[in-house]
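Engineer: The structure under discussion is supplied below as structure tokens; questions concerning it will follow.
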């Protein structure tokens, strides 16, 4: 039996390699409305609510927060870009799913449910997940602990018996505040940020195996 009853993954930058695509979308919308540019090295992991003032949105004479969010959503679905999985995500999820005593697998994200379903569904990994907690499922998104507390409640697992895998300081803060053990899986935008709140820091998704004590080797890379 594995030491964790649940394993919860962030979506963007953790399961899928999406941060460059996100940056392109935010740059397009900021240029359209004459907002400040999103800094991927500082703003990764922030919810739209928290990002809005950093871009000067609260001082915009016309643009509302709701209209800005809608423009971002429209830009995503107009482009219809499906982001690739990060390396070794799919084989790890499959191996976890195939365990004799399977941990509950979930995704907690500040992205919209449609975006998560479209991307994870297109990559063939959605069926591995027991539950998804998206932006619209909570009042307070990450870095608040509500996303992790919410998904743990609905998965019927104690947060202290769950492992979170996150790519950003905001996500790590959210999971730690909810009481989870946290693995940091950084990328080029977060590898030099402060990840010290995490219990583990990895450079390859396969390293999760040793943390949870999987007994057999993972050989597939995809």
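Each reported figure results from applying straightforward, stated rules to the coordinates on display, with no laboratory input. Everything quoted here is computed from the prediction, not taken from an experiment. Cβ placement follows ideal geometry from the backbone for every residue including glycine, while neighbour counts extend to all protein chains displayed.
Engineer: Quick one: which of 25-31, 172-178 comes out on top by average Cβ neighbours within 10 Å, and what's the full order, highest first?
Structural biologist: Details: 25-31: 16.7, 172-178: 24.4.
Those peptides, ordered most packed to least, come out 172-178, 25-31.
Engineer: Next up: Under the 0.36 nm per residue contour assumption, what length would be gained going from the current alpha-carbon distance of residue 204 and residue 20 to full extension? Before the final figure, lay out each step's value.
Structural biologist: Working: separation 184, 0.36 × 184 = 66.24 nm, distance 1.91 nm.
That works out to 64.3 nm of additional length.
Engineer: If you don't mind, there's one more thing I want to ask. With the cut-off at 1.5 for a/c, could you classify segment 71-142 from its C-alpha gyration tensor as rounded, prolate or oblate? Provide the component values of the computation, followed by the final result.
Structural biologist: Details: a/c = 2.91, a/b = 1.50, b/c = 1.94.
It comes out oblate by the Cα gyration axes.
Engineer: Helix 146-155 against the longest principal axis of the chain: what's the angle in degrees, Cα atoms only, rounded to the nearest 10?
Structural biologist: 40 degrees
Engineer: Tell me the angle of helix 169-178 to the major Cα principal axis of the chain, expressed in degrees between 0 and 90 and rounded to the nearest ten.
Structural biologist: Once rounded, the angle reads 60 degrees.
Engineer: Still on this structure: Any idea what diffusion coefficient segment 148-222 gets from Stokes-Einstein, in µm²/s, Kirkwood Rh on alpha carbon pairs, 37 °C, 0.692 mPa s?
Structural biologist: Working: Rh = 13.2 Å.
Calculated translational D: 249 µm²/s.
Engineer: Which whole-angstrom value gives the distance between the alpha carbon centres of segment 84-103 and segment 104-165?
Structural biologist: 16 Å
Engineer: Follow-up question, since we're still on this one. Taking only Cα atoms, what is the 0 to 90° angle, nearest 10, from helix 113-122's long axis to the longest principal axis of the chain?
Structural biologist: Long axis of 113-122 versus the principal axis of the chain: about 50 degrees.
Engineer: Relative contact order of the chain: what whole-number percent is it, with Cα pairs under 8 angstrom and at least 6 residues apart? Walk me through the numbers before you get to the answer.
Structural biologist: Values: 375 pairs, mean separation 58.7, N = 222.
Normalised by residue count, the contact order of the chain is 26 percent.
Engineer: Output the direction-averaged projected area (hull surface divided by four) of the convex hull of the alpha-carbon atoms of segment 1-110, in nm². Write out the running numbers ahead of the final one.
Structural biologist: Values: hull surface 32.7 nm².
Mean projected area for segment 1-110: 8.2 nm², to one decimal.
Engineer: Next question. Return a whole-number percent for the relative contact order of segment 19-79, with Cα pairs under 8 Å and 6 or more residues apart as the contact set. Kindly include the intermediate steps, with their values, before the conclusion.
Structural biologist: Values: 40 pairs, mean separation 20.5, N = 61.
Here the relative contact order equals 34 percent.
Engineer: Ok, one more. Rounded to the nearest 5, what % of DSSP beta bridges with both residues in the chain are antiparallel? All intermediate terms of the calculation are to be shown ahead of the outcome.
Structural biologist: Details: 1 of 19 bridges.
Given both bridge residues lie in the chain, the antiparallel proportion sits at roughly 5 percent.
Engineer: Separate question: Inverting the mean 1/r over all pairs of different Cα atoms, compute the Kirkwood radius of segment 19-79 and quote it in Å.
Structural biologist: Details: mean 1/r = 0.0862 Å⁻¹.
It works out to 11.6 Å.
Engineer: I need the fraction of alpha carbon pairs in segment 121-165 separated by more than 16 Å, rounded to a whole percent. List each step's numbers first, then the result.
Structural biologist: Details: 426 of 990 pairs.
Counting every Cα pair in segment 121-165, those more than 16 Å apart make up 43 percent.
Engineer: Something else about it: Provide the gained length on full extension for the span residue 127 to residue 75, in nm with one decimal, where the gain is 0.36 nm per separating residue minus the Cα-Cα distance. Please report the intermediate quantities before stating the final value.
Structural biologist: Numbers: separation 52, 0.36 × 52 = 18.72 nm, distance 2.67 nm.
Value of the extension gain: 16.0 nm.
Engineer: Still on this model: Classify segment 70-222 from the C-alpha gyration tensor, please: rounded if a/c falls under 1.5, else prolate or oblate depending on whether a/b exceeds b/c.
Structural biologist: Working: a/c = 1.34, a/b = 1.16, b/c = 1.16.
The shape class here is rounded.
Engineer: How would you rank 12-19, 183-190, 117-124, 131-138, highest first, on the average number of other Cβ atoms within 10 Å across their residues? It would help to have the intermediate numbers written out before the result.
Structural biologist: Values: 12-19: 23.6, 183-190: 21.8, 117-124: 17.2, 131-138: 19.0.
Averaged packing, sorted descending, gives the order 12-19, 183-190, 131-138, 117-124.
Engineer: Can you tell which of 194, 204, 50 shows the greatest fluctuation in a Gaussian network model of the chain with Cα springs below 10 Å?
Structural biologist: The residue that fluctuates most here is 194.
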